[in-house]
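**Student:** Take this structure, written in structure tokens, and hold onto it; I'll ask about it next.
The values are calculated or read from the model by the stated rules, or taken from the named source; none is laboratory data. These numbers come from a predicted model, not from an experiment. Glycine also receives a Cβ, built like all others from the backbone with ideal geometry; neighbour counts cover every protein chain displayed. Each accessible area value is taken on the protein alone, full model and side chains, heavy atoms only, with ligands, DNA and RNA left out. Shrake-Rupley method; radii C 1.70, N 1.55, O 1.52, S 1.80 Å.
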Amino acid sequence: MSDYSINLPSYTIGAGCYRRIPYVTRFFGKTAVVIGGKTAMSKAKEKLLDGIKDSQVEILDFLWYGGDSTYENGNALMEQDVVKKADMIFAVGGGRACDTCKYLANELDKPLFCFPTVASNCAAVTAISVIYNPDGSFREYYYPKNANHTFIESSIIADSPQDLLWAGIGDALSKECEAIFASKEDELSHTPMMGVQISRICTTPLVEYGQKALEDLKQKKVSYDLEQVALDIIISTGLVSNMVSSAPDYYYNSSLAHCVYYGSTVTEGGEKHLHGEVVSLGVLCLLTFENALPERDRIAAFNQSMGLPVCFDDIEIKEEEFDAMAEKAMTTTEWEFRPKGANVTKESFIQCMKDTNAYGRALKQKK
Ligand SMILES: [Zn+2]
């Protein structure tokens, strides 16, 4: 048995939480370079400068990350003198900015602090970067160390685009049912067992606080509900991701709900819809597959209350396209790691999409 280390993400949340930067970073250095998205940095700049005011921490510069998570952008940043000189990297923005900075900080072996400005994914705390080619196509996964600390400034989250939180909720809805489904036949060692247990707190807060959180965000209002949902999307799902992904040994991070999403990418209609939006319908498909009908009713009612999809009409996909979707799904990691005893076949996958479609359509009739 070889040895291993697990670094759990640590984090701070709240309106005004950037004030804690000097204390949290005190063992890591004095100078920082901020790297992030343009809009994100414009929203965070003043708060960052306020946060370090009258402290030992000095921000040397604010740099745009380059617009996409690519090795080319990361390498170009590494060449910059100010990046070489800074003790610490501050990553500001959404998933792609964080992913670029995780690559960069890992290659330079410098401490990394993340400042997510949207609550749409868990990139701020995960030990994985999605890397794209300069033409925008997917390149590969890169596995960096995770950030030393993440600061979630609630007032910046409250000022983020509504669609991103909405779709982020749809995506996070998948974590619990997928992690439990994908792992159900295996004997779990300590780390994935912890991860699967944490996944059990991912769904209910979204259902309980999601609607209010979205309303508050529309009014740019910081609230308990919004923070609960942001913590769910950024922290809880991120912890699970870090603990349940260890391909080729095991991979429980996503499953059939994401297979539906990957399938949708080969359809014209599906392409027009956000990742998390499609995944939330995939969740209903997975629950249909498992015959978990009360849970399916609960999530479908939630989806309806949120304007998330309950049938394939809602994402402009026709049943004639299910065959091609299944073909695509069968090429994914999720499919490879499907529980072998669960009878996930091309036919049963298509059937569960058909059954979900019929169920969702009937539900809409009732309204
Ligand atoms: Zn997802």
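Condition check ((1) among the aliphatic types (A, V, I, L, M); (2) more than 15 Å from the ligand (Cβ to nearest atom); (3) open to solvent by less than 10 Å² (accessible area, probe 1.4 Å)) across all residues:
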| site | (1), (2), (3) |
| --- | --- |
| Val229 | yes, yes, yes |
| Thr237 | no, no, yes |
| Val240 | yes, no, yes |
| Glu277 | no, no, no |
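**Student:** Condition test on Ala147, is it away from the ligand (no atom under 16 Å from the Cβ), in contact with a strand residue (DSSP E or B) (Cβ under 6 Å, 6 or more places away or on another chain) and in a loop (DSSP other than H, G, I, E, B)?
**Tutor:** Working: away from the ligand (no atom under 16 Å from the Cβ): yes; in contact with a strand residue (DSSP E or B) (Cβ under 6 Å, 6 or more places away or on another chain): yes; in a loop (DSSP other than H, G, I, E, B): yes.
It is true that Ala147 is away from the ligand (no atom under 16 Å from the Cβ), in contact with a strand residue (DSSP E or B) (Cβ under 6 Å, 6 or more places away or on another chain) and in a loop (DSSP other than H, G, I, E, B).
**Student:** Still on this structure, please answer the following. Please enumerate the residues belonging to the range 279-293 that are touching a Leu at 6+ places or on another chain (Cβ under 9 Å) and either within 16 Å of the ligand (Cβ to nearest atom) or farther than 19 Å from Phe349 by Cα (or both).
**Tutor:** Val279, Ser280, Leu281, Gly282, Val283, Cys285, Leu286
**Student:** Next up: Tally the residues that are outside any loop (DSSP other than H, G, I, E, B) and among the polar types (S, T, N, Q), restricting the search to the range 48-98.
**Tutor:** 2
**Student:** Further question: Just for the range 338-348: of the residues that are within 23 Å of Val244 (Cα to Cα) and open to solvent by less than 40 Å² (accessible area, probe 1.4 Å), which one is nearest to the chain's Cα centre (by Cα)?
**Tutor:** Taking the candidates together, the pick is Pro339.
**Student:** Could I ask something else about it? Could you tell me whether the range 85-100 includes any residue that is modelled with pLDDT of 95 or more, in contact with a Gly (Cβ under 6 Å, 6 or more places away or on another chain), of a type in the set (D, E, K, R) and open to solvent by 20 Å² or more (accessible area, probe 1.4 Å)?
**Tutor:** yes
**Student:** May I pose another question? Tell me which residues, restricted to the range 193-221, are more than 19 Å from Glu153 (Cα to Cα) and in a loop (DSSP other than H, G, I, E, B).
**Tutor:** Arg200, Ile201, Cys202
**Student:** Hey, Val118 hits all of (1) assigned to a strand (DSSP E or B); (2) open to solvent by 10 Å² or more (accessible area, probe 1.4 Å) but one; which does it fall short on?
**Tutor:** Every listed condition holds for Val118 apart from (1).
**Student:** Follow-up. Is it the case that Ala32 is surrounded by 16 or more Cβ atoms within 10 Å (Cβ to Cβ) and not in a strand (DSSP E or B)?
**Tutor:** no
**Student:** Taking the residues in the range 247-274 that are within 13 Å of the ligand (Cβ to nearest atom) and in contact with a Gly (Cβ under 8 Å, 6 or more places away or on another chain) as candidates, determine which candidate is farthest from Asp171 (Cα to Cα).
**Tutor:** Here the answer is Ser264.
**Student:** Please give the helices (runs of 4 or more DSSP H) falling wholly within the range 222-294 in which 2 or more residues are free of Cβ contacts under 8 Å to residues at least 24 places away in the same chain.
**Tutor:** Answer list for the range 222-294: 224-231.
**Student:** Here is a follow-up. Could you go through the range 143-155 and let me know if any residue there is at pLDDT below 95 and closer than 30 Å to Cys285 by Cβ.
**Tutor:** Yes, the conditions are met somewhere in the range 143-155.
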